[in-house]
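Shown next, in structure tokens, is the structure this report addresses.
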Amino acid sequence: MKIYTKTGDQGQTSLLGGTRVSKAHLRIEAYGTVDELNAYIGLLRDQPINHTRLDLLNEIQDRLFTIGASLAADPAKSKLKIPDLREEDVLRLETAIDDMNEHLPEMRSFILPGGHTVISFGHLARTVCRRAERASIALREQDFVADLVIQYLNRLSDYLFVLCRQLHQDLEVPEIPWKARM
């Protein structure tokens with residue numbers, strides 16, 4: 001199979017189901033941003049500090065492919081069976097958040113992103129996740145997007161934020177609170 005088909009040379013691509021749309025279509029923007037997020041999760045996963053989190057980070061990447069397939073399908077035409085997202089996927093993130101939060105100090109202010117390269121990778125993933133969520137919501141305002149897609153992306157960004165806080169603790173790097181200049 002050739003990697004290039006030349007069918008997109010005029011700015012069009014096909015959704016699952018065969019519908020041709022502009023590469024600037026909201027559906028393409030949504031699943032393209034999920035793909036970008038998946039790459040950032042891979043970068044975060046590859047950091048040595050995350051060896052104990054490999055299973056969950058791999059699972060997250062798998063779920064992002066599931067979300068990508070859901071977003072890439074034309075809801076009106078696709079007869080293909082695509083993988084499904086489940087409520088337990090959201091619950092798994094919530095459990096991981098709760099487990100980490102048990103060992104973290106109470107937040108008393110906003111925290112500046114950064115402090116260590118690994119933490120910065122996590123914040124990049126978090127912000128791309130928020131963008132993927134916004135793109136999916138914009139698409140849902142015009143066309144079908146499963147509620148679980150939005151819910152999972154929302155919870156994933158929460159997970160990534162708490163993971164960054166946990167990484168501060170694991171790496172013994174102090175969190176830097178934001179102090180508003182008045």
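Every number here is computed from the coordinates shown, using simple stated rules; none is lab data. Every value quoted in this text rests on a predicted model; they were computed, and no experiment measured them. We place every Cβ from the backbone using ideal geometry, glycine too, and count neighbours over all the protein chains shown.
Can you compute the equivalent ellipsoid semi-axes for the stretch 66-138, i.e. the square root of 5 times each eigenvalue of the Cα gyration tensor, sorted largest first and rounded to whole Å?
Three semi-axes, in Å: 32, 17, 11.
Which of the helices in the chain meet the span-like rule: DSSP H, Cα axial reach of 30 Å or more, Kyte-Doolittle mean at least -0.5? Please report the intermediate quantities before stating the final value.
Values: long enough: 117-140 (34 Å, 0.20); 147-170 (34 Å, 0.04).
Helices passing the filter in the chain: 117-140, 147-170.
Do any GluC sites (Glu not before Pro) in the stretch 66-102 lie in a loop, going by DSSP, with at most 12 other beta-carbon atoms within 10 Å of their beta carbon, and if so which?
Values: sites: GLU87, GLU88, GLU94, GLU102; in loops: GLU102.
Hits after loop and neighbour filter: GLU102.
Enumerate lysine pairs in the chain that are 8 or more residues apart or on different chains, then count those whose Cα atoms are under 23 Å apart.
4
Arrange MET1, MET100 by Cβ neighbour counts within 10 Å, fewest through most, would you?
Lowest to highest Cβ neighbour count: MET1, MET100.
Could you tell me the distance between the Cα centroids of the stretch 112-182 and the stretch 31-94, to the nearest Å?
15
Which value, in debye to the nearest 20, describes the size of the charge dipole of the chain about its Cα centre when Lys and Arg Cβ atoms bear +1, Asp and Glu Cβ atoms bear -1, and nothing else is charged?
Charge dipole of the chain: 860 debye, to the nearest 20.
Suppose each label sits 7 Å from its Cα in the direction of the beta carbon; what would the LEU54-ALA146 distance come out to in nanometres?
Calculated label separation equals 2.8 nm.
Charges only on Cβ, +1 for Lys and Arg, -1 for Asp and Glu: so what's the dipole of the stretch 1-94 about the Cα centre, in debye to the nearest 20?
I would put it at about 560 debye.
Report the label-to-label distance for ASP99 and SER14 in nanometres (one decimal), using points 7 Å from each Cα along the Cα→Cβ vector.
Output for this residue pair reads 4.2 nm.
Could you give the semi-axes, largest first, of the ellipsoid that matches the stretch 121-182, computed as the square roots of 5 times the alpha carbon gyration tensor eigenvalues and rounded to whole Å? Present the calculation step by step, with values, prior to reporting the outcome.
Details: eigenvalues 172, 42, 12 Å².
Here the semi-axes work out to 29, 15, 8 Å.
By count of other Cβ within 10 Å, fewest leading, how are TYR4, TYR31, TYR40 ordered?
TYR4, TYR40, TYR31
With N residues in the stretch 1-52, what two-decimal value do you get for its Cα radius of gyration over 2.2 N^0.38 Å?
1.57
From the helices alone, meaning DSSP H stretches of at least four residues, give me the mean residue ellipticity at 222 nm for the chain, per-run term -39500 (n - 2.57), in deg cm²/dmol to the nearest 500.
Helices in the chain give a 222 nm mean residue ellipticity of -19500 deg cm²/dmol.
What do you get for Rg/Rh of the stretch 1-142 when both radii come from the Cα atoms and Rh is the Kirkwood radius?
Using Cα coordinates only, the ratio equals 1.02.
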